[in-house]
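The values are calculated or read from the model by the stated rules, or taken from the named source; none is laboratory data. As the structure is a computational prediction, the values presented were derived from the model and not from experiment. Every residue, glycine as well, gets a Cβ built from its backbone with ideal geometry; the counts of neighbours run over all protein chains shown. The accessibility values were calculated without ligands, DNA or RNA, using every heavy atom of the protein model including side chains. Shrake-Rupley method; radii C 1.70, N 1.55, O 1.52, S 1.80 Å.
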Amino acid sequence: MSFLEVLYFIIPSAIFYAAPLIMTAIGGVFTERSGVVNIGLEGVMIMGAFSSIVFNLTFADSLGAWTPWIALLVAMLTGIVFSLFLAVAAVSFRADQTVAGVALNMLGLAVAVFAVKMLYDKGQTDSISERFSRFDIPGLKSIPILGEMFFTDVYATSILAIMIAFVAWFIIYKTPFGLRLRAVGEHPMAADTMGVNVTKMRYIAVMISGALGGIGGAIYAQAIAGNFSQSTISGQGFIAIAAMIFGKWHPLGAMGAALFFGFAQSLSIVGASIPVIKDVPEVILLILPYVLTILALAGFIGKARAPRASGTPYIKGKR
Amino acid sequence: MSKHMTNILVPLISILLGLIVGAIVMSLSGFSPIDGYIALWNGVFGDSYNLGETIRQITPYIFAGLAVAFAFRTGLFNIGVEGQLIVGWLAAAYVGYAFDLPKIIHIPLALLAAAVAGGLWAFVPGLLKAKLQVHEVIVTIMMNYIALHVVNASIATLSDGAEKTEKIHESASLRSPFLESITDYSRLHWGIIVAIIAVFVMWFLLEKTTRGFELKAVGFNQDASEYAGMNVGKNIILAMVISGIFAGLGGAMEALGTFGNISKLTGFTGIGFDGIAVALLGANQPFGVLLGAILFGSLKNGGLNMPNEAGIPMEIVSIVTALIIFFVASGYIIRVTLERLSKKKKEEK
């Protein structure tokens, strides 16, 4: 296989695996920017994956090709409702955010598997019939080299994920809402003094992360997994958190990191058929995202700094 | 209402709320909560076999709870117990089958190997926290996944591509024909004694030694500890390592007691994460952890009986556990409610 052929093979696959990570990582950027740590993104993704698959299986006959897209909306709503658990506990009840996030992960997996066993009398759903499909982008696909690399056989979900990253960048850095969001995450008391409603901002941010995490889970389930079981989402939520950190809490950085981690994931899956890569032990590719995140945090790849107020509940009047 | 009283009431109310919401979930799904909880109860205490299995399940929970609690007392959040536990599991299993030694040396050596493995795994986040102020939560989560993949790869290498390692030699086993015979051939093993000793060790370490005092002081206020001449960085690393040692020993219980080997893991065991619940419920006190481990270990094992006896998926137990964590973590709101209630009572009087 020539080098170019390897790229034709691996780049679409990397983007394909990155889409759910981008979505969820952007969700993470929103919460952390508002000062709430969301360790529970894994649980949110599980709920998104679960709800989209159940919806898809139930309505595929009547909705046809639109099913996965409507299931995406269902997953988004599920994610929002589910993330409210974290918002209520962490923002209103002043619970330890990390602990609440851990509980969210546990709850997500338990509720989803419980419901699947209830609905289907088994631990794993059937495979869905209506998946996200690929298409060629007219015009762009005829560009030499790049056309084949980026614009043929693409998933609309991948385009959606990349668009969301740019929209998130615009919202966070170019709108009054984004300015308030960042202020609340850096110095909630100052923001409060200037009339920003800290509680409201944090609720909105957590709900956005629920929406995007839910969509991320749904994309993973309907484009990659094709069904739902206990192990459908196994660590993608945490890789997304890793991407958020590796991307230094910036939407576009998170997108870049997610693409890179998607690349690592796809290498570990399709790498066996590529020369050079197939000699690298699989375990190296599997642990790569996590090792890189630790190195990034340690400052070896540029210092990653969390928003200052991230992880602390805001209590009015307390200095 | 006294502060002491609220401290005991908050976890009790949380457990109660968790069970009530669990009951609501069961009735909404068309099950009878009463049948469900009876099945749970029978799964815990029903007969001597179930009781033996429950105590066996409690054993690693004690270690996981101690690990989380010990780190918490020093102001550290160790979510990496899961990873430290599985590297400890692998280390103990390896020493268990790779060496031929008399029992009196073999068991302590296997435990030591697990402790070292767990301790080393926790040393990395400890070092990064102490030297570079990297937050330990993210590092320990990443270390969990690294542990999972590395351990699976090691199992494949050690066993020439098989799914599990060889069984440990009899000389390294904590299993006991006596304990098995009195519990109708459950997998109950001597590990529970080791776990209870560990509870006392943690209590002694924290309450009766200078080192323990320093560790707690660093947990309360780093600046004050620094000013008083304590080496904050060293204490942070030490606390993480000790926490990892407890976690690694928890893994050894699975290797030397319950399973006798380690099989390829498709996902996390969940023991490490449940350890957070155990520590939280036990207010990070060694004896509190013991009680927390008894509760969550019982729930976990009792839950296995629910599909058989009541037809309810056992995940209901994880739902209840997660809810209990939520409620304990949201203790602030329970405290406020309790205070308001007791004030009202006073006014009425």
Quiz item: Which of the residues spanning the range A:276-318 are at pLDDT below 75 and among the polar types (S, T, N, Q)?
Solution: none
Quiz prompt | Selection from the range B:310-333 of residues that are in contact (Cβ under 8 Å) with a residue 60 or more places away in the chain, farther than 15 Å from B:Gly282 by Cα and at the interface with chain A (Cβ under 9 Å from one of its Cβ atoms) | solution = B:Ile312, B:Ile316, B:Val317, B:Ile319, B:Val320, B:Leu323
Quiz prompt | Within the range A:237-265, considering residues that are open to solvent by 40 Å² or more (accessible area, probe 1.4 Å) and at pLDDT 90 or above, the one farthest from the other protein chains (Cβ to nearest Cβ) | solution = A:Leu252
Quiz item: Within the group A:Gly64, A:Gly48, A:Gly35, which residue is of a type in the set (Gly, Ala, Ser), open to solvent by less than 30 Å² (accessible area, probe 1.4 Å) and modelled with pLDDT of 95 or more?
Solution: A:Gly48
Exercise. Please go through the range A:86-110 and pick out each residue that is in contact with a Leu (Cβ under 6 Å, 6 or more places away or on another chain) and at the interface with chain B (Cβ under 8 Å from one of its Cβ atoms).
Key: A:Ala100, A:Leu104
Practice problem: Name the single residue, out of those in the range B:133-168 being more than 20 Å from B:Gly248 (Cβ to Cβ) and in contact (Cβ under 8 Å) with a residue 60 or more places away in the chain, that is nearest to the other protein chains (Cβ to nearest Cβ). | Solution: B:Ala156
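Have a look at B:Ile262, B:Ile245, B:Ile276 and point out the one that is open to solvent by 20 Å² or more (accessible area, probe 1.4 Å), among the hydrophobic types (A, V, I, L, M, F, W, C) and within 23 Å of the chain's Cα centre (by Cα). Full working, then the answer.
Working: B:Ile262 fails: open to solvent by 20 Å² or more (accessible area, probe 1.4 Å); B:Ile276 fails: open to solvent by 20 Å² or more (accessible area, probe 1.4 Å).
Of the residues listed, the single one that is open to solvent by 20 Å² or more (accessible area, probe 1.4 Å), among the hydrophobic types (A, V, I, L, M, F, W, C) and within 23 Å of the chain's Cα centre (by Cα) is B:Ile245.
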Self-check item: the range B:13-32, residues that are part of a loop (DSSP other than H, G, I, E, B) and not small (Gly, Ala, Ser)
Solution: B:Phe31
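Results for (1) in contact with a helix residue (DSSP H, G or I) (Cβ under 6 Å, 6 or more places away or on another chain); (2) within 24 Å of A:Gly43 (Cα to Cα), shown as yes or no for each residue.
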| residue | (1), (2) |
| --- | --- |
| B:Gly275 | yes, yes |
| B:Ala279 | yes, yes |
| B:Gly282 | yes, no |
| B:Ile294 | yes, no |
| B:Asn308 | no, no |
| B:Ile312 | yes, yes |
| B:Val336 | no, no |
| B:Lys345 | no, no |
Quiz item: Looking at B:Gly80, is it surrounded by 20 or more Cβ atoms within 10 Å (Cβ to Cβ), modelled with pLDDT under 95 and under 13 Å from the mean Cα position of the chain (by Cα)?
Solution: yes
Quiz item: Is at least one residue of the range B:297-306 surrounded by fewer than 20 Cβ atoms within 10 Å (Cβ to Cβ) and either touching a residue at least 12 places away in the same chain (Cβ under 8 Å) or under 20 Å from the mean Cα position of the chain (by Cα) (or both)?
Solution: yes
Self-check item: Residue list for the range A:72-107, restricted to those being surrounded by 23 or more Cβ atoms within 10 Å (Cβ to Cβ) and hydroxyl-bearing (Ser, Thr, Tyr)
Solution: A:Thr78, A:Ser83
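Has the range B:249-264 got at least one residue that is away from chain A (no Cβ under 14 Å) and of a type in the set (Lys, Arg)?
So the first thing to find is which residues in the range B:249-264 are away from chain A (no Cβ under 14 Å), and the list is B:249-263.
So of that shortlist, the ones also of a type in the set (Lys, Arg) come out as none.
The answer is no, given that none of the residues of the range B:249-264 is away from chain A (no Cβ under 14 Å) and of a type in the set (Lys, Arg).
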Quiz item: So, in the range B:123-132, of the ones that are over 20 Å from the mean Cα position of the chain (by Cα) and more than 7 Å from chain A (Cβ to nearest Cβ), which residue ends up most open to solvent (accessible area, probe 1.4 Å)?
Solution: B:Lys131
Quiz prompt | Candidates B:Tyr37, B:Tyr49, B:Tyr61, filtered to the one that is of a type in the set (Ser, Thr, Tyr) and closer than 30 Å to B:Gly212 by Cβ | solution = B:Tyr61
Exercise. Kindly provide the set of residues from the range B:6-32 that are open to solvent by 70 Å² or more (accessible area, probe 1.4 Å) and under 15 Å from B:Val328 (Cα atoms), ordered by number.
Key: B:Asn7, B:Ile8, B:Leu12, B:Leu16, B:Ile20
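Of all helices (runs of 4 or more DSSP H) completely enclosed by the range A:108-204, which ones contain at least 3 residues that are buried (at least 19 other Cβ atoms within 10 Å of the Cβ)? Step through it out loud before you land on a result.
Working: elements: A:146-150, A:156-174, A:176-186, A:188-193.
Passing ranges, in order: A:156-174, A:176-186.
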Self-check item: Flag for A:Asn56 being in contact (Cβ under 8 Å) with a residue 40 or more places away in the chain, more than 14 Å from chain B (Cβ to nearest Cβ) and either among the aromatic types (Phe, Trp, Tyr) or part of a helix (DSSP H, G or I) (or both)
Solution: yes
Practice problem: Looking only at the range B:86-108, count how many residues are more than 18 Å from the chain's Cα centre (by Cα) and touching a residue at least 40 places away in the same chain (Cβ under 8 Å). | Solution: 13
